[in-house]
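Beneath this line is the structure, given in structure tokens, with notes to follow.
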Ligand SMILES: [Zn+2]
């Protein structure tokens with residue numbers, strides 16, 4: 001048996017012949033008048049993938065199908081012995097192909113080593129790194145089964161939905177771990193993030209949306225962070241928005257990711273920082289903990305809606321009295337006159353239990369948030385007083401991918417998709433994928 005010592009730098013004869021035969025087939029398809037132009041193009045595309053498969057299979061076998069000496073060191077400290085060559089099927093962006101690799105075994109611990117396995121990022125699976133990336137990319141946008149259909153049609157990359165789910169979970173978890181690592185360094189003062197901007201207005205808006213898990217519906221917490229420039233009417237207009245989404249039930253994890261993202265967006269270099277949100281207590285606790293310098297603004301539209309709810313509960317659905325009461329009090333809210341608003345709520349004498357409950361809740365809500373309702377001052381500064389950006393993000397980041405009919409998630413499953421999805425939507429996809437692809 002010939003033992004190859006180093007990869008050949010000339011294209012092997014058999015590959016040359018195979019490639020030439022495929023190129024000839026392409027040419028035949030093109031000059032055949034009976035074929036439509038579209039059919040010919042599709043044939044050429046399919047054949048060019050086959051050319052790629054031939055070259056890739058031969059090249060990988062050339063690269064990894066050679067012996068690196070009769071022995072190599074095992075992780076256990078003992079020696080692994082060269083056992084021979086093994087051929088296996090892998091799936092690449094060009095489709096499935098076989099490649100031959102050298103195979104070693106440790107006599108002491110039984111560990112096996114296949115050349116190229118690690119370099120290609122196979123890790124016991126059958127997908128090359130570019131294939132893993134393509135699958136993760138499409139799955140971050142559409143459900144696993146749709147991704148299978150799309151990729152199969154567009155590139156002939158074969159896989160089943162469960163494999164895609166597994167891949168996404170692996171990479172989603174790694175993205176999460178990398179972010180946690182960065183977070184630890186950030187909080188320990190070992191890492192300083194280079195701000196994307198300076199001297200800007202930075203908005204942090206928070207909200208939560210429910211996703212269906214296998215047992216029940218659970219909250220996913222979401223933050224949309226954006227900078228803003230004054231629009232024509234003098235009111236800020238959002239510029240670039242990035243998002244943080246956390247399906248983990250621990251609030252602490254969300255808070256740290258939120259702080260990390262804000263730091264990336266130039267939190268410490270911003271001219272002004274604003275937190276705009278509806279009145280959920282967890283939101284303001286996070287704001288106080290991570291952004292003590294921020295101006296806190298209660299989302300005006302949520303607050304107005306609460307007043308309409310009170311009006312309806314007390315005076316009846318669709319009544320003139322309900323509308324008039326609500327409009328008058330939205331006026332107080334808009335004027336930042338929380339004292340009058342509270343007086344007006346206290347003066348209500350609802351007869352129904354529903355009405356009494358609505359008034360009680362609203363009193364608590366507006367009393368707690370009274371320092372976050374100085375709308376005339378916010379408007380004078382041209383600030384945003386609504387949390388529409390995060391509401392849009394709830395739809396775009398979470399709902400369009402994770403809240404489709406029939407979907408039931410596990411916590412790691414949905415978190416993995418959200419990690420991949422925010423990476424993509426925040427335009428940081430390559431920050432994760434480039435290093436692993438070049439690590440080999
Ligand atoms: Zn060993």
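The values are calculated or read from the model by the stated rules, or taken from the named source; none is laboratory data. Note that the structure is predicted; figures quoted are calculated from it, not measured. Note: ideal-geometry Cβ built from the backbone for every residue, glycine included; neighbour counts use all protein chains shown.
The requirement of being farther than 30 Å from residue 105 by Cα and at pLDDT below 90 is not satisfied by residue 42. Yes or no: residue 45 out of contact with any strand residue (DSSP E or B) (no Cβ under 9 Å at 6 or more places or on another chain), part of a helix (DSSP H, G or I) and closer than 28 Å to residue 127 by Cβ? When the stated conditions are applied, residue 45 passes them. You will find that of 124, 77, the residue that is away from the ligand (no atom under 16 Å from the Cβ), farther than 26 Å from residue 18 by Cα and either in contact with a strand residue (DSSP E or B) (Cβ under 6 Å, 6 or more places away or on another chain) or part of a loop (DSSP other than H, G, I, E, B) (or both) is 124 and no other.
Look at the range 343-370: where a residue is not assigned by TED's automatic domain parsing to the domain that holds residue 307, no partner that is at pLDDT below 95 sits 6+ places away or on another chain with Cβ atoms under 6 Å. Here residue 402 meets each of (1) closer than 28 Å to residue 312 by Cβ; (2) buried (at least 16 other Cβ atoms within 10 Å of the Cβ) with one exception, condition (1). Looking at 102, 108, 119, just one residue is within 16 Å of the ligand (Cβ to nearest atom) and assigned by TED's automatic domain parsing to the domain that holds residue 42, and that residue is 108. Just one of the listed residues (293, 286) is at pLDDT below 95 and not in a helix (DSSP H, G or I), and it is 293. Among the residues of the range 141-186, those identified as surrounded by 17 or more Cβ atoms within 10 Å (Cβ to Cβ), over 17 Å from the mean Cα position of the chain (by Cα) and outside any helix (DSSP H, G or I) are 157, 159.
So that you can scan it fast, the table gives a plain yes or no per residue for (1) crowded, with 21+ Cβ neighbours inside 10 Å; (2) under 13 Å from residue 206 (Cβ atoms):
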position: 258; (1), (2): yes, yes
position: 270; (1), (2): yes, no
position: 276; (1), (2): yes, yes
position: 301; (1), (2): no, no
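Under the condition of being crowded, with 19+ Cβ neighbours inside 10 Å, modelled with pLDDT under 95 and out of contact with any helix residue (DSSP H, G or I) (no Cβ under 6 Å at 6 or more places or on another chain), the residues counted in the range 105-121 number 2. Under the condition of being surrounded by 16 or more Cβ atoms within 10 Å (Cβ to Cβ) and in contact with a helix residue (DSSP H, G or I) (Cβ under 9 Å, 6 or more places away or on another chain), the residues counted in the range 278-299 number 12. Assessment of the range 83-96 against the conditions (in a strand (DSSP E or B), within 16 Å of the ligand (Cβ to nearest atom) and over 28 Å from residue 10 (Cα atoms)) yields no matching residue.
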